[in-house]
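Beneath this line is the structure, given in structure tokens, with notes to follow.
Every number here is computed from the coordinates shown, using simple stated rules; none is lab data. Since this is a predicted model, take the numbers as computed values, not measurements. Methodologically, a virtual Cβ is constructed for each residue, glycine included, from the backbone with ideal geometry; neighbour enumeration extends over all protein chains shown.
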Amino acid sequence: MNSATRRNAIKTLVTGSGLLLFSPNSLLAATGNKKDRLGVALVGLGYYSTDLLAPALQQTRHCYLAGIVTGTPSKATAWQKKYNIPDKNIYNYSNFDQIANNPDIDVVYVVLPPSMHKEYTIRAANAGKHVWCEKPMAMTEQECRDMITACSANKRTLTIGYRLQHEPNTKAWRKLIKDQALGKVRSLNCAAGYRDNRTDHWKQKKEMGGGVLYDMGVYSIQGARLGTAMEPINILSATTSTTRPEIYKNGLDETTVAKLEFPGGVIADIKTSFGENINFLDIRCEKGAISVNPYQAYNGQTVTSPLGKIQHSYSVPMQQTMQMDADALAILTKQPVAVPGEEGLRDIRIVEAIYRAAATGKAITL
């Protein structure tokens, strides 16, 4: 029985009274042979895929680079030559949905501007593929929910690319917080940003998901949430600004600062910027402070506290290698992933609330 015949048979089986309960592609994928390693297709071949994800996939044990999706033929040619990718595993945005027929590809990694995350996550899920989606998860809370629903309906895993949640220094300081090794958290300060001198990138285009809060801001939000081990209950205040209105136009934020309130009166001050290099996390506890500096770099994290120094060393792109290996292993062993879609949704909900607080000048209850 060929794949088309199998798909039609499955569709007939699950359609019932004309109502298709699940994508036939997701059920077809479930009938495949068990694999030891998952094939990953990268969607979007910009800097992050080129300089970090593809090299990381040469080091992973539980997954490998199986395919690519790009709208630039010259990139497809270069990648095919460099990574020995078969013709049948190379797609563009027009024929993307045909990936459903390719058993080599188990996971689609969406590495596109945020405005495209929802579309390609849903299309990948409907094609019967697991989805890894780069941060920020999407443009709105509703888009996040739609992505989660699509993956759930197709019985596919949705994971958000928060690399720090997989790296050993972050795991170490999170354990200190969880164990209350220095007592309860009293307050927190987190900043993430860099000087971005580009003028025509998607990060400078509002309709594509630009603005610093979506991109670097989610790191500061993650720092506040993970550093307190709680969820915020209020955005007490927020401001957005730019020193380069010719680049960050129509209110697009080059810099955002916000004050978040957590249960028990714990306050977190966060800042994010495309105008300056800032990169730290300070967590003030009852018995001393935990400092992470740099906080969200690709390597070199150093954790200091009265309990001593923590510094697990590794080279770039080990964070991406650890992230993808952990996510692939979870799928292979049918275990929950560390960073599911719901985690990305939590951050986008906060992003939207911070923007509302900045626009109205009022506190926003979450």
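Numerical summary
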| read-out | value |
| --- | --- |
| Summed residue charge, Cβ within 14 Å of A172's Cβ, Lys/Arg positive, Asp/Glu negative | +3 |
| Shape metrics for region 140-194, restricted to C-alpha atoms - Rg then Dmax, Å | 16.5, 44 |
| Mean projected area in nm² (Cα convex hull; one quarter of hull surface) for region 228-366 | 11.1 nm² |
| Sequence-distant aspartates and glutamates (8 or more away, or on other chains) whose Cα lies within less than 18 Å of K184 | E231, E261, D269, D282, E286 |
| Calculated Rg and Dmax of region 186-257 using C-alpha coordinates, Å | 13.4, 41 |
| Cα-Cα P(r), region 46-128, percent of pairs per 5 Å interval | 3, 14, 26, 28, 22, 8, 0 |
| Cβ-defined net charge surrounding H312, 15 Å radius [Lys, Arg +1; Asp, Glu -1] | +4 |
| Relative frequency of Cα-Cα separations exceeding 19 Å in region 130-225, percent | 57 percent |
| Over region 85-155: Rg over Rh, Cα atoms, Kirkwood Rh | 0.97 |
| Relative packing of peptides 89-98, 61-70 - highest average C-beta neighbours within 10 Å first | 61-70, 89-98 |
| Estimated Rh, region 61-184: Kirkwood, alpha-carbon pairs, angstrom | 16.2 Å |
| Set K35/K88; K88/K155; K175/K362; K206/K334 screened for pairs whose C-alpha atoms are more than 28 Å apart | K175/K362; K206/K334 |
| Dimensionless Rg over Rh [region 305-366; C-alpha; Kirkwood] | 1.18 |
| Highest average packing first - 151-163, 189-201, Cβ atoms within 10 Å | 151-163, 189-201 |
| Relative packing of peptides 287-293, 272-278 - highest average C-beta neighbours within 10 Å first | 272-278, 287-293 |
| Range of Cα positions in region 268-349 per principal axis (Å), largest first | 40, 32, 31 |
| Values of log10 I(q)/I(0), in the order q = 0.10 Å⁻¹, for the chain under a Debye, Cα-only, solvent-free model | -0.66 |
| For region 317-362 versus region 203-274, the gap between their alpha-carbon centres in whole angstrom | 16 Å |
